[in-house]
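Contents: one structure, followed by commentary.
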Amino acid sequence: MPDVLRGAGVSPGVGAGPVRKLAGDVPEPPAGDRHGGDAAAERDAALAALEAVAADLEERGERAAAAGNPDGRDVLDAQALMARDPGLADGVRAKVDEGVAAARAVFEAFGVYREMLAGAGEYLAARVADLDDIRDRAVARLLGLPVPGVPESDEPFVLVARDLAPADTAVLDPAKVVAFVTEEGGPTSHTAIIARTMGVPAVVALPGAASLADGTRVLVDGAAGTVRLDPSGEDVAAARAAAAARASALAEVTGPGATADGHAVPLLANIGGPKDLEGALANGAEGVGLYRTEFLFLDRATPPSDAEQEAAYRTVLEAFPAGRVVVRTLDAGADKPLAFLPAPGDEPNPALGERGVRMSFRHPDVLSAQLAALARAAAGLTAELRVMAPMVTDAGEAAWFAERCRDAGIEHPGVMIEVPAAALRARDVAGEVEFFSIGTNDLTQYACAADRQVGGLARLQDPWQPAVLDLVAPAAGAGVPCGVCGEAAADPALACVLVGLGVTSLSMSAPSLPLVRAALARHTLEQCRAAARAAREARTAEQARDAARAHLPALP
Ligand code: PEP
Ligand code: MG
């Protein structure tokens, strides 16, 4: 293996530490696996594995509670109870007595419960995922395989995985993870977004990441997109000094977002919940441009109560008494599956399936409860609440959503522009709502037909593709305020281009705000417009980037 591996740097900063891998799927023990005849020993092994899983879940629950997450403890305790279920133990004993090997006996005993739950209505069906998790933990122990999930470590580590799902990262202790490295995942994947939000350096789409050995010491440079193996102490110190110098240079530009000639461009933060407020405020966010509400509920098997929702929303609104807070209604499905809101059946292509607002058509009661909680949360507060729906396709859907918002007492309904059809017919959609927010991550995925989860397609998941800019232009010119809340807003050169296209606000992961603030402050609106014209005249993403940069001489 070479000393330095290269991928796509998606979250700046430097992190050094030992590699810890996120263990992958546990294979099904082959049907027909028999034990050697010592049924008693096999039985003991199987039951001991289940008990060890239960004890481990309980212990993790205690730690979650100690870290201020009592809901996490409730979920883990419920899982521990399932692992200790006497009926399950009887099932395992019976299978082993028939001669079935311990791992296979556990697998089959869980299968009976699994079928019962899967057929017992939507909410119980969501527990199937919990059951599978317990089963996989027990089977992994019996087969001597790594236990799935986020690794445990006493010292800070670099988390390496094929890819990271939002549910994996929800349980991460940010103090323990110094960097993320993944083999899959493009620049707009959730690994990238979560890393930026947490302020953790990250490199994605790194060929060979999954074969890095556990414990190998690495130095990750999230700006350069490199991973250096076995770095020296000097390598680490030099990289840290360079990153710190860059950060302190940026911190010198402060205040509300504006171009050099004073054209105001509010700079807002993308957040996943109240825990991200500190970073947003520390980086000078003028409000929230995208509150990804589904992130609040990722690690739970049951829907949130109305009171819990209201409290979470209120905390965010209270943080910006003179600003705006743009909340997105649940964007469940595809890359953000929610256990309590399953998509129908087996969708062959979830990114083109029932996700976002389409899920709200299926579960209007979930949307109504969320809108009511938002309206209650905002009552009596000075922050301006705006609410938008994800994955809207046409004016009819926008009208449906706006009507529900107004029924709930929400005055400023909007939509995300993520589907090319909505961008192309932006004027029709604008007739129904008060504002747009362009989700360039999904807009790029759909415009270029390139799944944002697939690392090998990083070249196509590039919002500099001139076709994506061609879709931004009609949305920005449709006559309603139009922000951008996709990751494109966090690229300082592209942020200038978006402003040149007529975008009225920019929202991004908080650590990116200083860079974008500095880029805008160093260029006039006319320079941004010239950069935008040049980018749209280009024929490829690379040429668009170069052409725009030629008009933006003072980029940080
Ligand atoms: C987007 O698609 O650009 C967006 C902001 O939404 P998400 O990344 O949560 O899908
Ligand atoms: Mg999106």
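The values are calculated or read from the model by the stated rules, or taken from the named source; none is laboratory data. Everything quoted here is computed from the prediction, not taken from an experiment. Positions of Cβ are generated from backbone atoms using ideal geometry, with glycine treated the same way; all protein chains shown enter the neighbour counts.
Looking at (1) in a helix (DSSP H, G or I); (2) in contact (Cβ under 8 Å) with a residue 60 or more places away in the chain; (3) under 27 Å from residue 425 (Cβ atoms), find the lone condition where residue 462 falls short.
(1)
I'm checking my understanding of the structure. Among residues of the range 195-220 that are of a type outside the set (Ser, Thr, Tyr), outside any loop (DSSP other than H, G, I, E, B) and surrounded by fewer than 23 Cβ atoms within 10 Å (Cβ to Cβ), which one is farthest from the chain's Cα centre (by Cα)?
Within the range 195-220, the subset of a type outside the set (Ser, Thr, Tyr) is 195-196, 198-210, 212-215, 217-220.
Right, trim to outside any loop (DSSP other than H, G, I, E, B) and you get 195-196, 198, 202-204, 209-210, 217-220.
Retained after the next criterion (residues that are surrounded by fewer than 23 Cβ atoms within 10 Å (Cβ to Cβ)): 198, 210, 217.
Working: 198: 11, 210: 20, 217: 27 Å.
Going through the qualifying residues, I end up with 217.
Whether any residue in the range 365-378 is assigned by TED's automatic domain parsing to the domain that holds residue 454, of a type in the set (A, V, I, L, M), touching a residue at least 60 places away in the same chain (Cβ under 8 Å) and within 16 Å of ligand 1 (Cβ to nearest atom) is what I want to check.
Within the range 365-378 (the criterion being assigned by TED's automatic domain parsing to the domain that holds residue 454, of a type in the set (A, V, I, L, M), touching a residue at least 60 places away in the same chain (Cβ under 8 Å) and within 16 Å of ligand 1 (Cβ to nearest atom)), the answer is no, since none of the residues qualifies.
Of all residues in the range 430-457 being over 23 Å from the mean Cα position of the chain (by Cα) and away from ligand 1 (no atom under 16 Å from the Cβ), which is farthest from residue 390 (Cα to Cα)?
431
May I ask you to list pairs of residues, at least six apart or on different chains, whose Cβ atoms are under 8 Å apart, with the first in the range 202-222 being touching a residue at least 24 places away in the same chain (Cβ under 8 Å) and closer than 25 Å to residue 243 by Cα and the second being hydroxyl-bearing (Ser, Thr, Tyr) and part of a helix (DSSP H, G or I)?
202/191; 204/191
Could you identify the single residue in 253, 316 that is touching a residue at least 40 places away in the same chain (Cβ under 8 Å) and not assigned by TED's automatic domain parsing to the domain that holds residue 499? Full working, then the answer.
On the way: 316 fails: not assigned by TED's automatic domain parsing to the domain that holds residue 499.
After ruling out the rest, the residue left standing is 253.
Can you work out which of the residues in the range 470-493 that are among the aliphatic types (A, V, I, L, M), in contact with a helix residue (DSSP H, G or I) (Cβ under 6 Å, 6 or more places away or on another chain) and in a helix (DSSP H, G or I) is surrounded by the fewest Cβ atoms within 10 Å (Cβ to Cβ)?
The initial filter retains those residues of the range 470-493 that are among the aliphatic types (A, V, I, L, M), namely 471-473, 475-476, 478, 480, 484, 488-490, 493.
Applying the additional criterion that residues be in contact with a helix residue (DSSP H, G or I) (Cβ under 6 Å, 6 or more places away or on another chain) yields 471, 475, 478, 480, 484, 488-490, 493.
Add one more test, that the residue is in a helix (DSSP H, G or I), and what stays is 471, 475, 488-490, 493.
Numbers: 471: 27, 475: 26, 488: 28, 489: 31, 490: 29, 493: 22.
If we take residues in the range 470-493 being among the aliphatic types (A, V, I, L, M), in contact with a helix residue (DSSP H, G or I) (Cβ under 6 Å, 6 or more places away or on another chain) and in a helix (DSSP H, G or I), then 493 is surrounded by the fewest Cβ atoms within 10 Å (Cβ to Cβ).
Scan the range 387-401 and report the pairs whose first residue is more than 19 Å from residue 483 (Cβ to Cβ) and β-branched (Val, Ile, Thr) and whose second residue is within 16 Å of ligand 1 (Cβ to nearest atom) and part of a helix (DSSP H, G or I), with Cβ atoms within less than 7 Å and a gap of 6+ or a chain change.
Cβ pairs passing all conditions: 393/421; 393/422.
Scanning the range 324-338 for residues that are modelled with pLDDT of 95 or more and either closer than 18 Å to residue 419 by Cβ or not in a strand (DSSP E or B) (or both), which turns out farthest from ligand 2 (Cβ to nearest atom)?
Taking the range 324-338 as the starting set, the residues that turn out to be modelled with pLDDT of 95 or more are 324-329.
Of the ones still in play, those that are also either closer than 18 Å to residue 419 by Cβ or not in a strand (DSSP E or B) (or both) are 328-329.
Details: 328: 9, 329: 12 Å.
Top of the filtered list is 329.
Residue by residue through the range 435-458, note down the ones that are closer than 18 Å to residue 490 by Cα and away from ligand 2 (no atom under 16 Å from the Cβ).
458
Which one of these does residue 391 not meet: (1) within 12 Å of ligand 1 (Cβ to nearest atom); (2) at negative phi; (3) assigned to a loop (DSSP other than H, G, I, E, B)?
(2)
So, in the range 356-408, exactly how many residues are among the small types (Gly, Ala, Ser) and under 26 Å from residue 425 (Cα atoms)?
Number of matching residues: 8.
What are the pairs with Cβ atoms under 6 angstrom where one residue, in the range 277-291, is in the same structural domain as residue 414 (by TED's automatic domain parsing) and the other, located anywhere, is surrounded by fewer than 22 Cβ atoms within 10 Å (Cβ to Cβ) and small (Gly, Ala, Ser)? Sequence gap at least six, or different chains.
Partner pairs satisfying both residue conditions: 277/319; 286/323; 287/323.
Could you run through the range 221-249 and say how many residues are among the aliphatic types (A, V, I, L, M), assigned to a strand (DSSP E or B) and surrounded by fewer than 22 Cβ atoms within 10 Å (Cβ to Cβ)? Write out each step before concluding.
So in the range 221-249, the residues among the aliphatic types (A, V, I, L, M) come out as 223-224, 227, 229, 236-239, 241-245, 247, 249.
Next, from what is left, pick out any that are assigned to a strand (DSSP E or B): 227, 229.
When the remaining residues are screened for being surrounded by fewer than 22 Cβ atoms within 10 Å (Cβ to Cβ), the result is 229.
So the count comes out to 1.
Quick one: which of 529, 522 is surrounded by fewer than 22 Cβ atoms within 10 Å (Cβ to Cβ) and in contact (Cβ under 8 Å) with a residue 40 or more places away in the chain? Write out each step before concluding.
Working: 529 fails: in contact (Cβ under 8 Å) with a residue 40 or more places away in the chain.
Checking each option against the conditions leaves just 522.
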